[in-house]
Each structure stands twice: as C-alpha cells, then as structure tokens.
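Chemist: One structure follows; several queries about it will come next.
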Amino acid sequence: MRANPMALLEVEHLDVRFPLRRGEIRAVRDLSFSLERGERLGIVGESGAGKSVLAFSLLKLLSRPGRIVAGKVRFEGRELTSLSERQFRRLRGNRLAMIFQDPLTTLNPVLTIGQQMIESLKAHRRLSTRRARIVAIDKLRQVQVSSPERRLEQYPHQLSGGLCQRVVIAIALLLEPDIIIADEPTTALDVTIQAEIITLLKRLCDEHDVGLIVISHDLGVIGQLTQRTLVMYAGRIVEQGPTREIINDAQHPYTQGLINALPQMTLPRQRLHQIPGSMPTLSEVPSGCAFNPRCAYRMTPEGLPRRDCIENVPQPVRSGECQVACHWVAELIAREPSEERAT
Amino acid sequence: MTQPETLETLGRAADTPEPLVSVRRLRKRFALHPERLLPWRFDRRQRGWRRERIHAVNGVDLDIQRGDALCVVGESGCGKSTLARLIMGLVTPSDGEVHYDGRRIDHLNARQWQPFRRRMQMIFQNPYASLNPRLTVRQALEEPVRIHHPDWSRDRVGAKVETLMADVGIDSGWGDRFAHEFSGGQRQRIAIARALSVDPEFVVADEPVSALDVSVQAQVLNLMMDAQASHRLTYLFITHDLAVVEHFATRVAVMYLGTICELADADTLFAHPRHPYTRALLAASPRLDDAFPGQLRLSGELSMPLQAPSGCVFRDRCPHANRRCREAAPTPITLDRGHQVACHAVEEGRI
C-alpha cells in the first residue's frame with residue numbers, strides 16, 4: 001500500500017504471533033490500514049478474529065509471548081514498533097489513549113476518580129495538583145458528568161456503569177490525545193446508555209479532531225459511530241471501505257453473511273440466514289482463503305471448486321470504494337469491469 | 001381510550017383459552033448486602049440498613065398462552081431474570097402466585113416440583129457455566145432423561161440421546177467429548193438439547209444468545225424456532241436485545257424496575273409502542289439503516305428500587321411525567337388486542 005502523507009496512523013503488513021508450545025498462533029496477519037486525523041474507523045469481526053490483539057499491538061500492550069513479528073506502525077511518520085518501552089510510555093496515554101470494554105475493571109477500585117485522573121495528568125505534564133484538578137473537572141464536564149467536583153472524591157464502585165464509562169472516556173481525553181482506541185466501548189452497557197456514549201464519542205472526536213478506532217462485534221454500533229470500517233476474519237482484513245457502503249452493499253461473502261445473519265435482515269419469525277460452521281481457531285486457519293470452508297461462492301460458475309480459494313490467500317482488490325480480499329469478487333470484477341465500476 | 005381495568009379480568013380475547021402460565025401480583029424482595037448499600041455505608045452502627053430491600057419484581061401480572069414466544073425485555077437490573085427464576089421456582093416469591101396449567105406451583109416443595117420440572121425447562125445465558133465440566137456430552141444429556149424416566153432401559157435412553165443430538169445438530173461422534181472442547185455456540189446447542197431431553201412443553205431461556213457472535217446467534221435462534229415448531233414449545237425468552245425480540249417474539253413484555261410497563265403482541269409493540277419507556281428503548285437501539293442514535297433520548301439511568309416507590313417507577317426519566325405520575329402508580333389499561341400499557345399519560349391521552 002502506498003504511503004499516505006496525510007495519515008495520522010499507518011499500519012503496514014503487521015504480523016503478530018504468539019509462539020506456544022503447541023504451535024504458533026498467528027493472531028494478526030499481513031494487516032495494513034491507515035487512519036487520518038479526525039477520522040472514525042471501525043474494526044468489526046467476531047470473537048477470535050484478532051481485533052483486540054490488533055488494538056493491543058498498536059499500543060504495545062501485547063502480553064507475552066505475543067510479539068510483533070513483522071510490519072510497521074507509523075504515528076505521524078514516526079516508527080513505533082522499534083521504540084523502547086521507556087520511549088513508548090511518553091506516547092501511551094498521552095498521544096495515544098485507550099478505552100477498554102468493561103469500565104469497572106479499567107478503573108482502579110482502591111483509588112478515587114480524582115486520584116486516578118490527577119495521577120495520569122502529573123505523569124505526563126508538569127502540573128501542580130491544584131491545576132491538575134481543574135483540568136480533571138473540566139474533562140468530566142466535557143463528558144457530561146454531573147457534579148464533577150463530587151465525583152473526584154468518589155470510588156469507581158460508587159458510580160453506575162454508564163457513569164464509569166464516561167469517566168474512562170474523560171481519562172482518555174485528559175492529555176488531549178491524537179488517537180483514541182476504543183475496544184468494545186459500549187458492549188457492557190444498556191442500549192439507552194449506549195446511545196448516549198455513541199453520541200458523546202462522536203461529538204468529542206469532531207470537537208477535538210481526534211482519530212478514533214472503534215473495535216466492536218456490533219454492526220449497529222459501528223454503523224452509527226464510524227465513517228470507515230475494516231472487517232476482520234481470522235487475523236486478516238477481508239474487506240474495508242466506507243461504513244455505509246459496507247453495510248448497504250457488502251461485497252465479501254463473509255461480510256454479507258455477517259450482515260444477513262442479523263435478525264433485522266429477516267422478517268420476524270422466519271429462519272435467519274446463517275453462515276455454516278464457525279470461525280476457525282487462530283492456530284488452525286485453513287489454507288488459502290481462511291473463509292473458504294464456510295463460503296458459498298467457492299465454486300466456479302461451472303460448479304467446480306475454485307482452486308485459488310483453497311490454495312492462495314486472496315489479495316485485496318478495489319471494488320467501488322471498497323477493498324475486498326476475495327477471489328470470487330476479483331473474478332467478477334475481471335469479468336465485468338465496467339459494470340462493477342458503475343455500481 | 002378504554003377504562004382502567006384490573007389485569008385479573010383481562011384476556012387477549014373473549015375466547016382465549018386457559019393460559020399455560022399465569023402470574024399474579026408476583027413480588028420478590030431481596031435483602032440488600034451491606035457492602036452494596038452505597039449511600040448509607042457509614043451509618044452501619046445504626047442498623048438501619050438491615051431493613052433495606054431491593055424490590056426486584058414488584059407486582060407483576062402476566063399470562064403466557066400455549067404456543068407463545070413471550071419475550072421479556074428491559075435494561076439490566078429491571079428484574080427480568082428474577083421473574084424467570086420465580087416462574088421456574090428457583091427463587092421463592094415474597095408475595096403473589098404462579099400458576100402452571102391451572103395449578104398453583106409457587107409454594108410446592110422439591111418433591112412436589114418434580115413432575116413440573118419435566119414439563120418446564122430452562123436454558124441459561126452462559127453455556128460455559130451451565131454445563132458440568134466433568135460430564136461428557138452424552139452423560140450430560142442422559143442425566144435428565146434417567147432422572148425423569150427411571151423405568152427406561154439403557155438402550156432406550158441411549159436412543160433418546162442420539163435423536164436429541166441429531167435434533168440440535170451435534171455430531172453423534174462428539175458424545176464422548178467434554179464441554180470445554182466445544183465453542184460457545186456448540187455448547188449452547190448442548191444446553192438446548194439438555195433442556196429438550198425430557199420433552200418439556202414450556203422453556204424459559206434467560207439471555208440464551210447474548211454471549212454468542214452474530215453468525216452463531218443466528219444458528220441458535222433458528223434452532224430454537226425449529227424446536228418450537230417440532231416440539232410445540234411455549235417460550236419465555238429473556239433478553240435485552242430488541243432486534244432479537246422483534247425477530248423471535250410473538251408477544252413482548254417490557255419491564256422497568258420490577259414492573260411491566262407495556263405488554264403487547266410483537267408486531268403491535270414494534271409498530272405502535274405507547275409507553276414512553278418502550279419508545280425510548282426502541283429509539284436507542286442501533287439500527288443498520290440510519291447513522292444516528294434515536295432522537296428520543298433518556299437522561300439518567302435505572303436506579304435501584306430500594307423502597308417500594310411511590311408513583312410511576314419511570315417518572316424520574318420520563319419526559320411526560322407530571323404530578324399524578326409522582327403520586328400514584330399507574331394501573332395497566334388495555335387498548336386493543338391485549339395491548340396493555342401502564343402509563344397515566346397514555347390513559348389521559350396526553351401522548
């Protein structure tokens with residue numbers, strides 16, 4: 001993929017592996033994407049697709065024995081994978097922030113909200129405690145936490161789930177980061193609270209020009225929150241493009257299957273479309289296209305199994321505004337190039 | 001607008017047959033754990049907290065007709081799981097009655113419960129926790145069959161288990177494996193097979209697909225709908241996912257803080273929601289076809305039902321709340337086709 005001078009974050013051919021005694025797990029394979037300033041990017045996929053490992057490896061939070069085997073992560077043109085832990089600490093939490101799934105486990109239960117916020121501020125900035133308190137209160141106000149002065153004295157368990165997630169977002173915003181990575185930010189929350197958090201995240205990203213990477217298994221959340229989406233399957237990106245395109249006109253058989261399996265896509269009380277089989281474990285991914293055993297299109301129009309699907313890993317091809325890694329789509333485009341472009 | 005009536009006199013229609021399950025004025029209070037009693041923690045010496053209770057289910061009336069798939073939907077903490085457990089006899093009600101097929105079952109002892117256990121089964125949310133890790137799949141499926149049919153021969157039990165496994169799409173070669181060798185979707189299939197093993201007529205499913213991925217969720221929902229058709233099941237389905245409700249339910253009960261605020265046929269509820277909470281819930285659930293979360297927004301969150309609240313339970317978050325809502329709890333009124341709403345504003349025609 002060509003270097004994009006505008007990109008805030010650029011990931012190129014990233015490969016993350018967990019060497020285990022039983023064999024190696026390749027959690028992220030040859031993965032490339034970029035994120036622009038102020039852009040909201042979604043990463044969608046089912047459990048075991050490697051979404052969270054991807055997020056953790058961007059922040060160098062991989063737990064052993066996981067490591068980045070190949071590839072580059074560039075932040076404002078600066079290579080991150082080769083930084084020492086000491087150098088990375090200056091970035092993490094400061095320029096790159098993360099929001100985790102469960103707000104209650106993210107926050108330290110034995111420290112007050114105020115202590116946690118002020119600690120993080122003082123670690124990166126030379127601020128007096130009084131000054132840090134003012135900043136903390138200001139950030140809590142931005143995420144619409146009521147009576148922020150009082151919240152600073154409270155412990156996480158005294159707050160509800162939705163309020164905790166706001167506090168976590170406020171902490172992520174404390175140092176005015178350039179990128180926020182949110183791993184399933186609303187999964188632990190009720191729908192009414194989820195709607196509030198989605199609106200809040202959108203507003204904050206627009207106001208502060210922050211790049212947001214949202215990881216979710218929920219296409220509804222991705223659809224509301226992001227402008228561009230990557231679909232992951234077995235460690236690879238199978239499709240990427242504008243979120244609207246992907247939801248309304250998915251090209252990759254897996255993305256199509258994922259969307260068609262949603263209850264909304266079928267009339268009530270009718271059988272849902274289902275993808276046969278299940279996601280392979282990352283240690284035994286099928287050869288060729290990882291999706292091929294579950295794919296309905298692995299046969300050629302003549303009714304023979306397509307050899308490419310079983311033997312070769314599909315490379316992304318352009319289809320409309322999307323990039324799709326699928327031999328079948330590639331064949332369609334090759335056959336009717338003009339028609340594909342038109343749609 | 002119709003006159004307020006009590007639920008006692010209501011059926012879905014005049015010719016409605018006897019409901020399979022009916023619940024009357026059901027209440028469950030839980031004593032609060034002292035550590036959880038947040039605002040009063042420093043007051044421990046005054047022993048005041050001992051009297052604090054959570055009103056998890058607060059006067060629920062509900063009928064479940066044969067063949068229905070009744071979904072109970074609500075946010076976490078609204079009491080929907082407690083309601084399911086009360087009906088299954090897994091927790092004892094503080095007050096009220098549960099009738100099954102015309103017989104009162106809420107005060108039975110374990111021995112008296114046994115014949116009902118065969119007719120009523122439950123599927124739990126987390127298939128990782130609901131299957132015994134020390135039993136093979138075959139053993140797990142044989143156990144309930146043996147208990148409820150002590151007179152069956154070994155071969156007959158074996159044959160029953162084989163059919164069950166085929167029914168839910170478990171390869172019979174997997175029978176000697178243990179639960180941990182399966183994925184979440186496969187485990188949930190095993191849990192469903194186990195519930196079906198005694199040929200029940202009523203199945204309570206508490207968030208059976210919430211822990212599953214979308215593609216697996218579709219497989220499990222299909223399986224449950226197939227089972228409903230082939231075994232003529234009646235479902236009580238607890239979930240927080242409105243998309244699943246819209247797909248699966250024939251009838252829907254919306255719960256808020258221990259009470260049912262709206263009860264209607266599924267198509268009616270989704271086409272014409274009346275209660276402000278139902279409307280807010282529908283607006284908040286993300287849809288694929290629009291890029292914006294719903295406009296009808298709620299402020300605040302579900303509070304804890306510590307005292308039996310005066311007035312309407314939803315009044316603090318309701319945009320239409322007035323003085324009457326703060327003073328008196330609304331009684332359910334029936335609109336048409338068994339569509340029941342407990343809301344003063346709807347009753348007065350304000351919304």
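Chemist: Can you give me the long-range amide H partners of A:LEU8? Hydrogens built in the peptide plane at 1.01 Å from N, cutoff under 5 Å, separation of 5 or more residues or another chain.
Modeler: Amide H neighbours of A:LEU8, under 5 Å, 5+ apart: A:LEU35, A:GLU36, A:ARG37.
Chemist: Starting from the 7 Å offset along Cα-to-Cβ, what nm value, one decimal, do you get for the label separation of A:VAL313 and A:GLU119?
Modeler: 4.0
Chemist: As an exercise, identify the trypsin sites (Lys or Arg not before Pro) in the range B:82-135 lying in DSSP coil whose Cβ has no more than 11 other Cβ atoms within 10 Å.
Modeler: B:ARG134
Chemist: Give me the Debye-computed log₁₀ of I(q)/I(0) at q = 0.09, 0.12 Å⁻¹ for the range A:9-233, equal point scatterers on Cα only, no solvent, two decimals.
Modeler: -0.36, -0.65
Chemist: What spacing in nm lies between the two simple spin-label points modelled at B:SER230 and B:GLU97, each 7 Å away from Cα in the Cβ direction?
Modeler: Between B:SER230 and B:GLU97, the simple spin-label model gives 3.8 nm.
Chemist: Continuing with the same structure: Which whole number in µm²/s is D for the range A:133-282 by Stokes-Einstein, with the Kirkwood Rh taken over Cα pairs at 4 °C and 1.567 mPa s?
Modeler: 74
Chemist: Label points 7 Å out from Cα along the Cβ direction at B:ALA271 and A:SER147: separation in nm?
Modeler: 4.7
Chemist: Hydropathy first: keep DSSP H helices in chain A averaging at least -0.5 on Kyte-Doolittle, then drop any whose Cα extent along the axis falls short of 24 Å, and list what survives.
Modeler: A:191-208
Chemist: Could you name the lysines whose alpha carbon sits less than 27 Å from that of B:LYS28, not counting residues in the same chain fewer than 8 places away?
Modeler: B:LYS80
Chemist: Need the list of lysines near A:LYS139 for cross-linking: C-alpha distance under 27 angstrom, and skip anything on the same chain fewer than eight residues off.
Modeler: A:LYS60, A:LYS122, A:LYS202
Chemist: Another question, if that's okay. Where both residues lie in the protein assembly as shown, what percent of DSSP beta bridges are antiparallel, nearest 5?
Modeler: 60
Chemist: Moving to a separate point now. Identify, among A:VAL168, A:GLY23, A:ILE134, the residue whose Cα sits farthest towards the positive end of the charge dipole of chain A, taking +1 on the Cβ of Lys and Arg and -1 on the Cβ of Asp and Glu, with the dipole about the Cα centre.
Modeler: Positive-most Cα among the choices belongs to A:ILE134.
Chemist: Also: Using the Karplus curve 6.51 cos²θ - 1.76 cosθ + 1.60 with θ = phi - 60°, what ³J(HN,Hα) values do you get for each residue of the range B:83-95, in whole Hz, with x for Gly and Pro?
Modeler: 4, 4, 5, 5, 5, 7, x, 7, 10, 8, x, 6, 6
Chemist: Mind running the shape call on the protein assembly as shown? Use the C-alpha gyration tensor, a ≥ b ≥ c as the square roots of the eigenvalues: rounded below 1.5 for a/c, prolate if a/b tops b/c, oblate otherwise.
Modeler: Taking the square roots of the gyration eigenvalues as a ≥ b ≥ c, the protein assembly as shown is oblate.
Chemist: Let me ask something else about it. Considering amide H positions built from the backbone, and no H for Pro or chain starts, which residues 5 or more places from A:ARG298, or on another chain, come under 5 Å of its amide H?
Modeler: Placed amide hydrogens put nothing under 5 Å from A:ARG298.
Chemist: Which whole-number percent of Cα pairs in the range B:23-347 have a distance greater than 37 Å?
Modeler: Of all Cα-Cα pairs in the range B:23-347, 23 percent lie more than 37 Å apart.
Chemist: Hey, any idea what % of the range A:9-233's accessible area is carbon plus sulfur with a 1.4 Å probe?
Modeler: 47
Chemist: Just to be sure I follow the definition: excluding the sites themselves, where is the longest run in chain A that has none of the GluC sites (Glu not before Pro) in a DSSP loop with at most 10 other Cβ atoms within 10 Å?
Modeler: The longest uninterrupted stretch comes out as A:1-283.
Chemist: To continue, here is another question. Assuming R0 = 56 Å, what is the FRET efficiency of A:GLU76 and B:ASP171, from their Cβ-Cβ distance, to the nearest 0.05?
Modeler: After rounding, the FRET efficiency stands at 0.60.
Chemist: From the backbone phi of the range B:155-164, what are the Karplus-calculated ³J(HN,Hα) couplings (6.51 cos²θ - 1.76 cosθ + 1.60, θ = phi - 60°) in whole Hz, Gly and Pro given as x?
Modeler: 5, 5, 4, x, 5, 4, 5, 4, 4, 4
Chemist: Sequence-distant or interchain residues sharing an amide H contact under 5 Å with A:MET98, placed H: which?
Modeler: Under 5 Å from the amide H of A:MET98: A:GLY93, A:ILE181.
Chemist: While we're here: HN-Hα J couplings of the range A:20-30 from phi, Karplus 6.51/-1.76/1.60, θ = phi - 60°, integer Hz, Gly and Pro as x?
Modeler: In residue order, the calculated couplings are 10, 4, 6, x, 8, 9, 9, 7, 10, 10, 6 Hz.
Chemist: Right, something else. To one decimal place, what orientation-averaged projected area in nm² is obtained for the convex hull of the Cα set of the range A:109-216?
Modeler: Quarter of the Cα hull surface area: 6.6 nm².
Chemist: Say R0 is 60 Å: what FRET efficiency, to the nearest 0.05, do A:ARG271 and A:THR129 get from their beta-carbon distance?
Modeler: With a Förster radius of 60 Å, E is 0.45.
Chemist: With a Förster radius of 41 Å, plug the Cβ-Cβ distance of A:SER47 and B:ILE351 into 1/(1 + (r/R0)^6) and report the FRET value to the nearest 0.05.
Modeler: About 0.50, to the nearest 0.05.
Chemist: Here's another thing I want to ask about it. Dipole size in debye (nearest 20) for the protein assembly as shown around its Cα centre, Lys and Arg Cβ +1, Asp and Glu Cβ -1?
Modeler: Computed about the Cα centre, the dipole is about 2820 debye.
The values are calculated or read from the model by the stated rules, or taken from the named source; none is laboratory data. Treat the numbers as computed from the prediction; the structure is a model and nothing was measured. Note that we place each Cβ from the backbone using ideal geometry, even for glycine, and neighbour counts take in every protein chain shown. To get the accessible areas, we keep the full protein, side chains included, count just its heavy atoms, and leave off ligands, DNA and RNA. Shrake-Rupley method; radii C 1.70, N 1.55, O 1.52, S 1.80 Å.
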